[in-house]
1. Quickly run through the stretch 160-175 and pick out the residues that are of a type outside the set (V, I, T) and assigned to a loop (DSSP other than H, G, I, E, B).
2. Looking at G192 and the list (1) surrounded by 14 or more Cβ atoms within 10 Å (Cβ to Cβ); (2) among the small types (G, A, S); (3) without any contact (Cβ under 8 Å) to a residue 60 or more places away in the chain; (4) within 30 Å of P112 (Cα to Cα), which single condition is not satisfied?
3. Within the stretch 205-222, which residues are open to solvent by 80 Å² or more (accessible area, probe 1.4 Å) and out of contact with any Gly (no Cβ under 8 Å at 6 or more places or on another chain)?
4. Checking the condition among the β-branched types (V, I, T) and either assigned to a loop (DSSP other than H, G, I, E, B) or more than 41 Å from the chain's Cα centre (by Cα) (or both), which residue from V56, V69, V85, V79 passes?
5. What are the residues in the stretch 61-76 that are in contact with a Phe, Trp or Tyr (Cβ under 6 Å, 6 or more places away or on another chain) and open to solvent by 50 Å² or more (accessible area, probe 1.4 Å), if any?
6. Those residues that are part of a strand (DSSP E or B) and farther than 30 Å from V140 by Cα, I need them from the stretch 205-247; list them, please.
7. Which residues, counting only those in the stretch 88-103, are outside any strand (DSSP E or B), in contact with a Phe, Trp or Tyr (Cβ under 7 Å, 6 or more places away or on another chain) and open to solvent by 70 Å² or more (accessible area, probe 1.4 Å)?
8. Quick check on this structure: which one of V58, V121, V79 is surrounded by 19 or more Cβ atoms within 10 Å (Cβ to Cβ), farther than 19 Å from C24 by Cα and in contact with a Leu (Cβ under 9 Å, 6 or more places away or on another chain)?
Amino acid sequence: MGLLNQLPSKAEAAEQVRLPPAACAGMTAPGEDGNSVDDENHAAIRLDLPTPDSEVAVDEQGKIDVKGVLHKQAQMVDVSIGKLVTTDFTLGPPPDGVSRWASSWKTRLRPPQLGKNLVCVRAKRDPKRSARILRSFTIVDRIAPSNVSGLAVGDITPTTARASWGEATDNYGLAGYEVRVDGGDPIRTNVGTRSYTLTGLSPDADHTVSVVAVDLAGNKSAVPAKTIFHTKELPPEPDPNAELKFDVQEGGAVARWQPDPNGDFTGFLRGCPGLQAGEESDSCGAGQGQPDRRQGDPASTPHGRDAAHNGQELSTVSPPR
């Protein structure tokens, strides 16, 4: 025998706080004292933990203990919190001060959600005599998640970088990770995201990034993972006055210039019938030359007219990127 059913969604969990578990359906919800007025047959069963309207903390395995006392002529049926039901119990001798005609019972389970909960405990003595207890209590988690390991920064540019890190662990469940850049406001990622692109960085400068894990109760890693990285310099601005050079060939001319430090641009003027190799002046009349078909990226590849060559348009080839 063991745990039955699956853990609920967040919406289902919220509804279960308001409604008793199915095993205690129809019972009046616990009042201010944490107990239902409809508890049945206390001679057969007693619920000692959790106490009414108390706080119970999950342990290192994310579980809690539910335990009490059972009449020796009775049998445990089940314990349920929300839709989580267990029929796995450990029976033992009665606690001190309890009649030897009783035995202790105990079960361990992982609650479906933190916060306010209702627990239903059932037992029976014979087919016509049953016992039910419905009680409210609050489940908390006071254990912080593990520290984050493996923090690294890559894909560094003058203004951006990408941080990545290893998976953290938690006794009950992680909610996500919290990233800070240069001590700024925290940036939250979800539990399945272990990388983040940092933007708006200052060029050619040291920056610090830190990451902590955050669990479902809001606890954070004790020691943040930290690393320092340096952004790249901004590239030099293009020179608008870069020298334009011509290499006159038979039937045309090759123009070269470098407005961008990342590479040369090359243009070719063709279709001038009278232009001979070695000539330094254009023998074409205005408008006679025919430009090459345009190549490269039209948004970034320059072309224009050159006064020394009677206004002929230059076709251009972008440099490799």
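The values are calculated or read from the model by the stated rules, or taken from the named source; none is laboratory data. This structure is a prediction, so every number in the text was calculated from the model and none was measured. Positions of Cβ are backbone-derived with ideal geometry, glycine not excepted, and every protein chain shown enters the neighbour counts. Areas reflect the complete protein model, heavy atoms only, side chains present, ligands, DNA and RNA absent. Shrake-Rupley method; radii C 1.70, N 1.55, O 1.52, S 1.80 Å.
1. Within the stretch 160-175, W165, G166, E167, A168, D170, N171, Y172, G173 qualify.
2. (1)
3. Answer for the stretch 205-222, where residues must be open to solvent by 80 Å² or more (accessible area, probe 1.4 Å) and out of contact with any Gly (no Cβ under 8 Å at 6 or more places or on another chain): D206, K220, A222.
4. V69
5. Within the stretch 61-76, K72 is the sole residue that qualifies.
6. Within the stretch 205-247, D206, H207, T208, V209, T227, I228, F229, H230, K245, F246, D247 qualify.
7. Matches in the stretch 88-103: none.
8. The conditions single out V58.
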